Structure formats: C-alpha cells, structure tokens
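The numbers here are math on the coordinates, done by the rules we state, and not lab data. Since the model is a prediction, treat every value here as computed from it, not as a measurement. Note that we place each Cβ from the backbone using ideal geometry, even for glycine, and neighbour counts take in every protein chain shown.
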Ligand code: C2G
C-alpha cells in the first residue's frame, strides 16, 4: 500500500457496475480516493439534458461507497488543473473514453486511463427501461 492520492471525475448518473469498478480500480492505485462529481449544470451545458439522478442524489451514493474517501462537486470541465492542485492529487484516473484528453496535465500528476467495463452504460440502461 502506498500513500498516493488519486482523483477521478464523472457524472455517475443511474449508478451501475461500470461506475463501481472504475472507482474500485482507481482506489487500488493509492490510499486516498477523491471523486469530482459533475454538477447538474455542467451536464446540462455538455449534453443539453439534466441527469436522471440529481447531483445531491449522485453525491450521496458516491460518498457512501467504501472505496471513496472524499468528494466534491465538479462545476467546470476546464478546472481539472485547479482541482488536481487543490486536492493534492498524485494520479488522475479517467476511463479510456477520455484517452489522451488530459495528457496536458502530465506536469501536475500522473495520468492513467483505465479500460471501461464493456457493454454497460447509463444511456443503454435508460433505453432498456424505456423499451
Ligand atoms: N465508466 C466505465 N465503464 C462504463 C461506463 C463508465 O469505466 N461502462 C467510467 C467512465 O469511463 C468514467 C466514469 O465511469 O471514468 C464515470 O462515467 P460518466 O458518469 O459517464 O462520466 P463522464 O460523464 O464521462 O464524466 O470531467 C469528466 C466529467 O465529469 C464527465
């Protein structure tokens, strides 16, 4: 076990096993896991729709996971550098759908893209329920 602080970001809407697994794998890389949960407003500006679960509900779920030590509300996609510094993160973990997107932050911390869990997504779950 090392002393590294790991940070990751996400919406985690309609929480599923893909979300759980990336958080567990992120935690295994260090000793302290910090999660930036995307705000409702940030999602709306990105996807033109609000998440199914509100940010308060999403925060309540994430902060009560055993692998999560600390959470905060991610209010802008452009503030990754500030959040990394504010939370003294040693490693940034993102799913590989973000591959390469955060390489410019390499002078601040180590950047790791982990493989996504195949065949599960919030969008697929919403569609399945709808049909
Ligand atoms: N994820 C995964 N496997 C899946 C689905 C998601 O490993 N089958 C991972 C994603 O790669 C991401 C995390 O779970 O690292 C959260 O996924 P989303 O809620 O979709 O996050 P996103 O909206 O991509 O993040 O700064 C980033 C923003 O917060 C948005």
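Values for this structure:
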| read-out | value |
| --- | --- |
| The chain - mean residue ellipticity at 222 nm from DSSP helices (-39,500 (n - 2.57) per run, n ≥ 4, rounded to 500) | -9500 deg cm²/dmol |
| Listed residues 16, 88, 104, most fluctuating in the chain (Gaussian network, C-alpha, under 10 Å) | 104 |
| Point-to-point label distance, residue 50-residue 108, nm (Cα→Cβ direction, 7 Å offset) | 2.9 |
| Relative contact order of the chain, defined on C-alpha pairs under 8 angstrom at six or more residues apart (%) | 29 |
| Label-zone membership for segment 84-113, site residue 57, 7 angstrom Cα→C-beta point, backbone N under 14 Å | none |
| Net lengthening on full extension, residue 127/residue 4 (0.36 nm per residue, minus Cα-Cα) | 40.4 nm |
| Inter-label distance, nm, simple model (7 Å from Cα along the C-beta direction), residue 99/residue 16 | 2.0 |
| Estimated D of the chain in µm² per second, where Rh is the Kirkwood radius over Cα pairs and Stokes-Einstein applies at 37 °C, 0.692 mPa s | 218 |
| Peptides 47-53, 9-15 ordered by average Cβ neighbours within 10 Å, highest first | 9-15, 47-53 |
